[in-house]
Amino acid sequence: MKKTFWLYLVSMIAAFTLIQACGSKQLKEANADTSSGDLYTCSMHPQVLEHHPGDCPICGMRLIKKNAEAASINNIELESLLKPANEFVVTSLPVTTAQEKNITVPVKVYGTVEYDTRAAGSISARVSGRIEKLYLRYRYQEVTDGQKIMDIYSPELVTAQQNLLFLLKSDADNISFINAAKQRLLLLGMSENELNKVMQTGKPLYSVSVYSNYSGHVHDAGMSNGDASNDMNSSSAVTQALSLKEGMYIQKGQTLFMIMNHHQAWAALQIFTSDQSLVKKGDAVHIIPETDTAAAIDGRIDFIEPFFRGNSKTLTARVYFHNMAMLPIGSHVTANIYAGNTQGLWLPASAVLSLGSNEVAFLKKDGGFVAHKITTGIRSNDNVQIVSGLNATDTVAVNAQYLIDSESFIKTASK
């Protein structure tokens, strides 16, 4: 049994040696004939070489034509080949140069629609007294010019009416005194109709009506425009009852309501820090409301607020407009501010790579590309203004993203 096993093992080794010798002989013969005609090889088994197309005898894949010509590269220094990819990249990519040109820079911003506080009207108490009847019930209730908003009882008004009635009865010929008494009642808030009724009936009115002199929406006294915009986001705040109630006493000169005109509004546009130096008063603006994209608004920057709102680092620019489309107060808008033309060197945005605190472009040099630190300015659409680091004769890669080899490049401090 052992003798049979050893005989089998020796025969297998001899067969393997014979096959290897034959294969080496065929490979040498094929290599010797590489100069005579085209050669075909297998992409998976490059040791297979044939003078005609066909299939690989090992795996059966289709043979491909082999280019036997080798290109030599001369004058290559070892230092250039050993440079890390985060400093020098040997590749062939499209290149471009910075162009000196004049570009119109549209600044895209976002904002909201707010009440124009210049059109706000306040209703104040002309006399002290008690609210007998209140016709306004909740915030943002619509009111029109001449609408009755409350009835009040005022001892001062009652006394002034009694003085007029006394003059009419005891000294009817004293026209100057009578006119002065009527004028005083009108200045205290009594209407012409109420005054005529008192003179006709000979009895004073103990309840006098107060009317609105403005049209718009009702706000509580002292409520700011910013508070109004925030409260509009809550349905409970919109329908919240007013602070004034029937039976309450009011003082002379007290502001009762603020009436905000919903036809007068402004767009409050938020200007980011990078664009604040570009935007100025008078710049043309094209505004597109999110609630009604067809109701586009063309205007100009009317006012730039000289402060930051709250904790925001954006500057607010106002564009006044007539809100004839009845855009909801607090709704969002997008806008393009046309800040004029800017002269300078410009590169395509794809040629500039941001590394956080630094920005680089890949400068073509010595058959490759070198990461080169630059300083940029304005970004407009697909263009970036080059402030320093390049000139009009420098050639850079069109797409800097293609030259990022690994995370190590991001960690490299650009020089």
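The values are calculated or read from the model by the stated rules, or taken from the named source; none is laboratory data. Quick caveat: nothing in here was measured; it's all calculated off a predicted structure. Ideal geometry is used to build each Cβ from the backbone, glycine not excepted, and the neighbour counts take in all protein chains shown. Note: accessible area is taken over every heavy atom of the protein model, side chains too, but ligands, DNA and RNA are not part of it. Shrake-Rupley method; radii C 1.70, N 1.55, O 1.52, S 1.80 Å.
Return only the number of the condition from (1) within 30 Å of Val210 (Cα to Cα); (2) assigned to a loop (DSSP other than H, G, I, E, B); (3) open to solvent by less than 40 Å² (accessible area, probe 1.4 Å) that Ala295 does not satisfy.
It fails just one condition, (1).
Does any residue of region 138-150 turn out to be more than 44 Å from the chain's Cα centre (by Cα) and open to solvent by less than 70 Å² (accessible area, probe 1.4 Å)?
Yes, that holds for at least one residue.
Report yes if some residue within region 298-305 is part of a loop (DSSP other than H, G, I, E, B), modelled with pLDDT of 90 or more, among the acidic types (Asp, Glu) and surrounded by 12 or more Cβ atoms within 10 Å (Cβ to Cβ); otherwise report no.
yes
So for region 377-385 (the condition being more than 24 Å from the chain's Cα centre (by Cα) and part of a strand (DSSP E or B)), does at least one residue qualify?
Scanning region 377-385 turns up no residue that is more than 24 Å from the chain's Cα centre (by Cα) and part of a strand (DSSP E or B).
Working only within region 167-226, note down all residues that are among the acidic types (Asp, Glu), closer than 30 Å to Leu242 by Cβ and open to solvent by 30 Å² or more (accessible area, probe 1.4 Å).
Answer for region 167-226, where residues must be among the acidic types (Asp, Glu), closer than 30 Å to Leu242 by Cβ and open to solvent by 30 Å² or more (accessible area, probe 1.4 Å): just Glu192.
Here are Ala317, Ala339, Ala400, Ala392: which of them is touching a residue at least 24 places away in the same chain (Cβ under 8 Å) and surrounded by fewer than 12 Cβ atoms within 10 Å (Cβ to Cβ)?
Ala392
Considering each residue of region 110-124, count those that are open to solvent by 40 Å² or more (accessible area, probe 1.4 Å), under 20 Å from Leu256 (Cα atoms) and assigned to a strand (DSSP E or B), and give that number. First the steps, then the outcome.
Let us first name the residues in region 110-124 that are open to solvent by 40 Å² or more (accessible area, probe 1.4 Å), namely 110, 117-118, 122, 124.
From what's left, under 20 Å from Leu256 (Cα atoms): 117-118, 122, 124.
Next cut, assigned to a strand (DSSP E or B) only: 122, 124.
Total meeting the criteria: 2.
Which of the residues belonging to region 151-166 are open to solvent by 70 Å² or more (accessible area, probe 1.4 Å) and in contact with a helix residue (DSSP H, G or I) (Cβ under 8 Å, 6 or more places away or on another chain)?
Within region 151-166, just Asn163 meets the criteria.
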